[in-house]
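Here is the structure we will look at.
The values are calculated or read from the model by the stated rules, or taken from the named source; none is laboratory data. What you see is a predicted model; the values in this text were computed from it and never measured. Cβ sites come from the backbone with ideal geometry, for glycine too, and all protein chains shown count toward neighbours.
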């Protein structure tokens, strides 16, 4: 069967159709939804553009572009709170494996061509691991490098618990005996306090400033795209928290995790994650992407939660030597500014 695809930008009155396509796709995630990209741009700057592949006016694939400017030139790249920014392809009902593979290949071909012929430079996208075929990009010289995360199957909480490392199960039971608090909360200011402490310990800037983080969470909650979970000895003084992205797709994403600088109650982090998994499972989610697996100590903890290692691809459109030099200079300047800010904060400055 021959498929005829058109590619175009999505108008605002089509956002619900776009979000429906994202939910029923491979490669899709809350990061690709119109509401999430709008919320991110409102607090972090930049613009979002939804590029759709359509068949008979029906959206069958696309990519949500987070676009920023550098020296009067637009570019596409992820950032904190935007771990995945790659394409999605709508599932083809009742299709054979071969037919579905060919269909996805052709949808990705159209997206690759449009990105390659655009004025965006650079273009740097991270695909979800469910998009396995990068050939439409590689044959045109895109550079690919792997990136890793961990994903937990939460479809059956009992199986999920039994798959955890015995030390994690012990910590969870210990937290249960201690009657630690864990649950959903709207205390985003309390979460930011933990986030700020975590970033200071690890030596990198907060994902957003406090007022912007609060606005960001408020928008996510309004769009039913985010849930905040906190844990500790009481709900009034949490010592650990996670911000989870939800939405129509069956896989949720833990986009930000934080904990206190002080001594933590025994098992609080494991207890919090277990509570999150159970709550999301009860809401119909089948998985939780724990986001990133590059820091060894954090990766070890995620692995012990019964998660499986997933490999995704980060694709970069080739660029000129001048473009590369401009990017390196910009990144160096930004890194130097961040270092100065960290020094000032450590000395009690603003």
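Brief remarks on what is shown
- Members of the stretch 280-298 found to be assigned to a helix (DSSP H, G or I) and surrounded by fewer than 11 Cβ atoms within 10 Å (Cβ to Cβ), listed by number: 282, 296, 297
- Summed over the stretch 20-49, residues that are under 21 Å from residue 93 (Cα atoms) and surrounded by 24 or more Cβ atoms within 10 Å (Cβ to Cβ) total 6.
- Strands (runs of 3 or more DSSP E) lying entirely in the stretch 51-96 (those with 3 or more residues that are in contact with a strand residue (DSSP E or B) (Cβ under 7 Å, 6 or more places away or on another chain) and crowded, with 20+ Cβ neighbours inside 10 Å): 58-70, 87-90
- Within the stretch 258-279, one or more residues are surrounded by 20 or more Cβ atoms within 10 Å (Cβ to Cβ), part of a strand (DSSP E or B) and assigned by TED's automatic domain parsing to the domain that holds residue 204.
- Residue match in the stretch 120-127 (condition: buried (at least 21 other Cβ atoms within 10 Å of the Cβ), assigned to a loop (DSSP other than H, G, I, E, B) and not assigned by TED's automatic domain parsing to the domain that holds residue 249): yes
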